[in-house]
Amino acid sequence: AEDGIRDYKVTGVQTCALPILNGHGSNGPLIDLVARKTTLATDSLCFACSYPSFLWEKFEEVRESEVAAHADEFETSLYLHLAGDRVQMDKAEKGDDRMGRYVSSDSTSSFIRFNDYWGRWTQLGVHVDPTVATAEKGRIIFEAAVEGLVDATDELRDWPIEKRADMHEHPVQKHIRW
């Protein structure tokens, strides 16, 4: 994060709305941190988002499995659409996902996030069921993601970058390493 922020500052750009797109679920907290640190260290705004945020509504219309996690119906469908010749569906098997009330083994819970070592609960590397994946489902979710990202980019382009106002009563401890 520090190198990226330093490189960004070197470009000479004074202010901009910078989106950071996350393409892997467990990287979400890291992307959030990079966006926050960039906003604090520069005069710019930095937005963090994950592409699946833009497609869940459309995926719900075609979804057959109960959980969306890893190497499942969602990811396999997307891969079938983008590079179907690389997917070996003859090897696809339904896997397990350990689910509790608040915790999921693949951090899909909206309550508690954690990332366990997969070898504790699966030997396949699969959550739930990739066998119900199709290229058509992948096309639907891909198009929804692209449409959402384009719409979000349009909104970010027009987002105002207001002058900052320091709301602190005491000096800010800017040089604390975190």
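The values are calculated or read from the model by the stated rules, or taken from the named source; none is laboratory data. From a predicted model like this one, the values you see are computed outputs, not experimental measurements. Because the Cβ atoms are built from the backbone with ideal geometry, glycine has one as well, and the counts that use them run over all protein chains shown. Protein only, heavy atoms only, side chains kept; ligands, DNA and RNA dropped before computing areas. Shrake-Rupley method; radii C 1.70, N 1.55, O 1.52, S 1.80 Å.
Quick notes
- Between L40 and E57, the distance separating the two model label sites (each 7 Å from Cα on the Cα→Cβ line) works out to 3.4 nm.
- Using a Förster distance of 41 Å, the FRET efficiency for E155-D85 (Cβ separation, nearest 0.05): 0.70
- Entry note, the stretch 20-116: relative contact order of 17 percent, from Cα contacts under 8 Å with a spacing of 6+ residues.
- Extending 7 Å from the Cα toward the beta-carbon at both W121 and K94 defines two label points whose distance is 1.8 nm.
- With all protein chains modelled, accessible area of E162 [1.4 Å, Å²]: 130
- When the Cα gyration tensor is reduced to axis lengths a ≥ b ≥ c, the ratio a/c is 1.5 or higher for the stretch 48-142, and with a/b not above b/c it is classed as oblate.
- The stretch 64-78 - phi-based ³J(HN,Hα) in whole Hz, Karplus 6.51/-1.76/1.60, Gly and Pro as x: 10, 8, 7, 10, 10, 9, 9, 6, 10, 4, 4, 5, 5, 4, 4
- Heavy-atom accessible area with a 1.4 Å probe sorts K137, K163, K58, largest first, into K163, K58, K137.
- Whole-Hz couplings from phi, Karplus 6.51/-1.76/1.60, listed for the stretch 45-55; x for Gly and Pro: 9, 10, 9, 10, 8, 10, 4, x, 4, 8, 10
- Only Lys, Arg (+1) and Asp, Glu (-1) charged, at Cβ; the stretch 23-178 dipole about Cα centre in debye: 820
- Each residue of the stretch 89-104 is assigned a 3J(HN,Hα), and the resulting list reads 4, 5, 9, 5, 9, 6, x, 9, 9, 7, 10, x, 5, 10, 10, 10 Hz, derived from the Karplus form 6.51 cos²θ - 1.76 cosθ + 1.60 (θ = phi - 60°), x at Gly and Pro.
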